[in-house]
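Notes for the one structure printed next.
The values are calculated or read from the model by the stated rules, or taken from the named source; none is laboratory data. Keep in mind the model is a prediction, meaning the values are calculated, not measured. Note that each Cβ is placed from the backbone with ideal geometry, even for glycine, and that neighbours are counted across all protein chains shown. Ligands, DNA and RNA are excluded from the accessible area calculation, which covers all protein heavy atoms including side chains. Shrake-Rupley method; radii C 1.70, N 1.55, O 1.52, S 1.80 Å.
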Amino acid sequence: MHKILIVEDDEKLRDELEKFLNNNGYKAESIKKFDNTIHDILKINPDLILLDINLPGADGEFICKEIRKQSNMAIIMVTSRDNELDELISLNYGADHYITKPFNIQILLAKINSLLRRANMSIENSNRIDAKDFTLDMSKNTMEKNNKSIELTKNEFRILKYFVENREKIVSREDIIECLWDSESFIDDNTLTVNITRLRNKLEELGLKELLQTKRGQGYILLKKG
Amino acid sequence: MKFKDFIKEKLIGIFLVIFALATIEIFLMAYPYGNFIKIYIPLTILVVYFIGLMIEYTSKKNFYANLSNTLNNLDEKYLVTEIINTPNFIEGKILKSSLEQIDKSMLEHVNKYKYLQEDYKEYIELWIHEIKIPIAASKMVIENNKNEATKSIDEELNKVEDYIEQALFYARSNTVEKDYYIKASNLKDIINESIKKNKSILIQNKMLINLHDLDRIVHTDSKWIIFILNQIIQNSVKYRKQDNNSGIEIYSKQGKENVILYIKDNGIGIKKGEITRAFEKGFTGTNGRLQNKKSTGIGLYLCKKLCDKLGIAIELSSIQNEGTELRLVFPKNSYINLK
């Protein structure tokens, strides 16, 4: 499990973020005293840190620069300073991403995922998502079962991935559209209907037709077979 | 300063001289002087007097003509005292030194307010950084406790965020200093960012999004442009038609000296007579008075102001009941045209 360290001085935000990340499959920790922040971060040695800029003691940009000298951990700056200059400074000091408060948590999560995936490319083969009844291959945009592989369009793949991430939960059409919009595919209601129909047909080809069910007035649900 | 006007002012003096000469003439007539003397004395006095007047006229004319010329050519008229020469006559000297003193005290006065405004802007910026933290915390709480009620609070928080951002840019738009940072950015990234930012209202209102021809580089501050686009997009949603075909089309064209970004909607449009006033502060128009629109007349006004600062032209055209089109014209080398 990946370790994420939250370096943030607002107590409530820190606790809620920690809770959220722990619920989403990460091991989140946070720093509560800021007298020796750089030392503490290096000692904990997480895979990724979420770093605020306005901190008591050393500021985030300085911490970022110092950590980069000694470590390769992923750094995401999370700050309320919303201007181009601060963003450039942070990126120049070696931060991987710059996110402004209040942030869209799904986008933050997506950035964390992609950073950690890239960092661990060689160790794990995390291009594949095991969805029990079938497997998703993120590098080829395909869905596989028993050596049979079906190619999906980008949007179909994203929708299916979203279903897998929210397995056995009802997802509304708005949720799906929002998820697609987050990855810059600004589809409308009709296009979604078309995509869902095509996805159903493709699932049928693998003999998994009954997996994706419509909940009238609420949305869809992806079930587990066995 | 015309010669005629100058003479008019000197009229009393001239009459007095002529009167004096007349008395001298009467006095001379009582004595048996020759005609030569009778003509020579008054003529000499008159000629000398007029030479004196001419000298005075030329030096005054030079000074005042120079003053009004310089004034006409100056953008910042209060700097005129720094440019004109000190005149050689007493009224001119008094005028110049008075102007200098007035300028100085005015500048001090203006600086005081400039400082106050700067100070207030700094406070607003600080306040905005501060307020974003509890908002971010509230959003995290909502994320960890998702239900219908928190979702609704989340939507309201988004509105709060928009208002806060408007306040920030309003404060920025009023200062002389440069708050922006110009760099090359891809229009596509800017547009994607602003659509994503407004996704909840766009999806809720079933707006169709049509983006094309956006892969172009512009030199600007993308954060400012995203704010401007937010205002425009939010207007498109606010003033959409109540049917299911509402949408926004965004595309760009490469001009010879510029890149033009088009943001087009198929909403209710703006009345013909009100288009020119759309950028005015506080102007809400017929549309703004429609029910539930909550128009403040700030959005487009602020867009225009920020565009002016960035050196971008913003244009609007609209046909009532058909839609509105906004165009942002980015000069090719906008860093040259910065104010």
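Name the residues in the stretch A:172-202 that are touching a residue at least 24 places away in the same chain (Cβ under 8 Å) and more than 11 Å from every other protein chain (Cβ to nearest Cβ), would you?
The answer is A:195, A:196, A:198, A:199, A:202.
So residue A:50 fits all but one of (1) surrounded by 14 or more Cβ atoms within 10 Å (Cβ to Cβ); (2) over 26 Å from residue B:142 (Cα atoms); (3) within 14 Å of chain B (Cβ to nearest Cβ); what number is the exception?
(2)
Could you tell me whether the stretch B:202-220 includes any residue that is open to solvent by less than 20 Å² (accessible area, probe 1.4 Å) and either touching a residue at least 60 places away in the same chain (Cβ under 8 Å) or away from every other protein chain (no Cβ under 14 Å) (or both)? Give the derivation first.
The first filter runs over the stretch B:202-220 and keeps only residues open to solvent by less than 20 Å² (accessible area, probe 1.4 Å), leaving B:202-203, B:207, B:214, B:218, B:220.
Subset that is either touching a residue at least 60 places away in the same chain (Cβ under 8 Å) or away from every other protein chain (no Cβ under 14 Å) (or both): B:218, B:220.
Yes.
Answer yes or no as to whether residue B:143 is open to solvent by less than 90 Å² (accessible area, probe 1.4 Å), within 30 Å of residue A:83 (Cβ to Cβ) and in contact (Cβ under 8 Å) with a residue 24 or more places away in the chain. Step through it out loud before you land on a result.
Values: open to solvent by less than 90 Å² (accessible area, probe 1.4 Å): yes; within 30 Å of residue A:83 (Cβ to Cβ): yes; in contact (Cβ under 8 Å) with a residue 24 or more places away in the chain: no.
So residue B:143 does not fit the description; no.
Restricting to the stretch B:113-127, count the residues that are within 20 Å of residue B:77 (Cα to Cα) and without any contact (Cβ under 8 Å) to a residue 12 or more places away in the chain.
We begin by selecting, within the stretch B:113-127, every residue within 20 Å of residue B:77 (Cα to Cα); these are B:113-114.
When the remaining residues are screened for being without any contact (Cβ under 8 Å) to a residue 12 or more places away in the chain, the result is B:113.
Matching residues across the stretch B:113-127 total 1.
Just the residues that are assigned to a strand (DSSP E or B), within 11 Å of residue A:76 (Cβ to Cβ) and either at the interface with chain B (Cβ under 9 Å from one of its Cβ atoms) or of a type outside the set (A, V, I, L, M, F, W, C) (or both), please, taken from the stretch A:91-113. Explain how you work it out, then say what you get.
Taking the stretch A:91-113 and keeping what is assigned to a strand (DSSP E or B), we get A:97-100.
Next cut, within 11 Å of residue A:76 (Cβ to Cβ) only: A:97-99.
If the condition is that a residue be assigned to a strand (DSSP E or B), within 11 Å of residue A:76 (Cβ to Cβ) and either at the interface with chain B (Cβ under 9 Å from one of its Cβ atoms) or of a type outside the set (A, V, I, L, M, F, W, C) (or both), then A:97, A:98 are the ones that fit.
Filter the stretch A:61-89 for residues that are open to solvent by less than 40 Å² (accessible area, probe 1.4 Å), in contact (Cβ under 8 Å) with a residue 12 or more places away in the chain, part of a helix (DSSP H, G or I) and within 13 Å of chain B (Cβ to nearest Cβ) and give the result.
A:86 - this is the single residue of the stretch A:61-89 that is open to solvent by less than 40 Å² (accessible area, probe 1.4 Å), in contact (Cβ under 8 Å) with a residue 12 or more places away in the chain, part of a helix (DSSP H, G or I) and within 13 Å of chain B (Cβ to nearest Cβ).
I'd like the full set of residues that are closer than 15 Å to residue A:103 by Cβ and either more than 8 Å from chain A (Cβ to nearest Cβ) or outside any helix (DSSP H, G or I) (or both), limited to the stretch B:139-159. Step through it out loud before you land on a result.
Step one: of the stretch B:139-159, the residues closer than 15 Å to residue A:103 by Cβ are B:139-144, B:154, B:157-158.
The answer is B:142, B:154, B:158.
Among what's in the stretch B:160-175 and is touching a Lys or Arg at 6+ places or on another chain (Cβ under 8 Å) and either more than 10 Å from every other protein chain (Cβ to nearest Cβ) or over 17 Å from residue B:197 (Cα atoms) (or both), pick the residue that is surrounded by the fewest Cβ atoms within 10 Å (Cβ to Cβ).
B:174
Taking only the stretch B:70-84 into account, find how many residues are surrounded by 12 or more Cβ atoms within 10 Å (Cβ to Cβ) and outside any helix (DSSP H, G or I).
2
Identify, from the list A:29, A:18, the residue that is within 14 Å of another protein chain (Cβ to nearest Cβ) and within 22 Å of the chain's Cα centre (by Cα). Can you show your working first?
Numbers: A:29 fails: within 14 Å of another protein chain (Cβ to nearest Cβ).
Among A:29, A:18, only A:18 is within 14 Å of another protein chain (Cβ to nearest Cβ) and within 22 Å of the chain's Cα centre (by Cα).
Within the stretch B:17-66, can you find the residues that are of a type in the set (D, E, K, R) and closer than 22 Å to residue B:4 by Cβ?
At the first step, the residues of the stretch B:17-66 found to be of a type in the set (D, E, K, R) are B:25, B:38, B:56, B:60-61.
The answer is B:56, B:60, B:61.
Identify, by number, the condition in (1) closer than 30 Å to residue B:175 by Cα; (2) open to solvent by less than 80 Å² (accessible area, probe 1.4 Å); (3) in contact (Cβ under 8 Å) with a residue 24 or more places away in the chain that residue B:45 doesn't meet.
Among (1) closer than 30 Å to residue B:175 by Cα; (2) open to solvent by less than 80 Å² (accessible area, probe 1.4 Å); (3) in contact (Cβ under 8 Å) with a residue 24 or more places away in the chain, residue B:45 violates only (1).
Mind listing just one residue for me: the one in the stretch A:3-37 that is open to solvent by less than 40 Å² (accessible area, probe 1.4 Å) and in a loop (DSSP other than H, G, I, E, B) and, of those, nearest to residue A:66 (Cα to Cα)?
A:34
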